[in-house]
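Following: one structure in structure tokens, then a few remarks.
The values are calculated or read from the model by the stated rules, or taken from the named source; none is laboratory data. This one's a predicted model, so the numbers in the text were calculated from it and none came from an experiment. We place every Cβ from the backbone using ideal geometry, glycine too, and count neighbours over all the protein chains shown. These accessible areas exclude ligands, DNA and RNA; they are computed on the full protein's heavy atoms, side chains included. Shrake-Rupley method; radii C 1.70, N 1.55, O 1.52, S 1.80 Å.
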Amino acid sequence: MTLKRCPWCLDDEKNLNYHDNEWGTPNFNENSLFEFLVLETFQTGLSWKIIINKREDIKKAFSDFDFKKIANYDLNKINLLLKNKNIIRNKLKIESTVLNAKAFIKVQQKEKSFSNYIWGFVNEKTIQNKFNTPKEIPKHSKLSKIISKDLKKRGFKFVGPIVTYSFIQAIGIVNDHLTSCFRYKELKNKI
């Protein structure tokens, strides 16, 4: 029997693996949350397929997404990253990653963890959407606008409502797997 999946993941093995094992799974791990924030900001204006296929190169270039190390990147490191042909060489995205690492640490200091902060918007409970077709899934939501505004107030960059919605989808704050997808049923009762 073939498992039914969301159609966006079917044309690429890495996308399929990401869909089946990560996307939409409630995530509370600080390093992983920062990784998804970086990946979603790098996706701005690009397809997810490009990002997922460059994920390991981006991870290697950005110190395994160690936000403490990234927060200390200087101009020399940024210039090295701009020469790295294996990643997305967008100066604003690279600089925003450094700024976001600093903002991430500030949130941790104020809220005890970034996880407490981001999951606090939904009282640590996933919003279970019930979409039957890809066209029903929004690009942003009231919640993503609220979170985006707060992230910006805290010094984060490249976190508009659309990027923020993609981020909260990835980390499981919203379950946007189609109702026909096997992952929807698996994740529906997670939290």
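Results, tabulated for the structure shown:
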quantity	calculated
Segment 1-53: C-alpha gyration tensor shape, a/c 1.5 cut-off, then a/b vs b/c	oblate
Global geometry of segment 116-191, whether rounded, prolate or oblate, following the gyration tensor of its Cα atoms and the 1.5 cut on a/c	oblate
Directionally averaged projected area (convex hull, Cα atoms, segment 54-107), nm²	3.3
Kirkwood hydrodynamic radius of the chain, Cα pairs, Å	17.1
Fraction of accessible area attributable to carbon and sulfur, segment 60-172 (%, probe 1.4 Å)	51
Low-density loop cleavage sites - trypsin sites (Lys or Arg not before Pro) in segment 98-173, where at most 12 other Cβ are within 10 Å (DSSP)	LYS112, LYS125, LYS130, LYS139
Computed [θ] at 222 nm, helices only, for the chain once each DSSP H run of length n ≥ 4 contributes -39500 (n - 2.57)	-16500 deg cm²/dmol
Most positive-pole-ward Cα, SER63, LEU75, ASN29, against dipole of segment 1-106 from beta carbon charges	LEU75
Between segment 107-161 and segment 1-16, the Cα center-to-center distance that results, in Å	25
23 Å Cα-Cα threshold exceeded, pairs from LYS83/LYS145; LYS49/LYS152; LYS135/LYS188; LYS69/LYS125	LYS83/LYS145; LYS49/LYS152; LYS69/LYS125
Whole-number accessible area per residue in Å² for segment 1-142, which is evaluated in the context of all protein chains at 1.4 Å	57
Distance between modelled label sites at ASN86 and LYS190, nm, 7 Å Cα→Cβ extension	2.9
In Å², nearest 10: area of GLU22 left accessible to a 1.4 Å probe	50
For segment 79-155: span of alpha carbons on each principal axis (Å, largest first)	44, 36, 18
More than 18 angstrom apart: percent of Cα pairs within segment 1-112	53
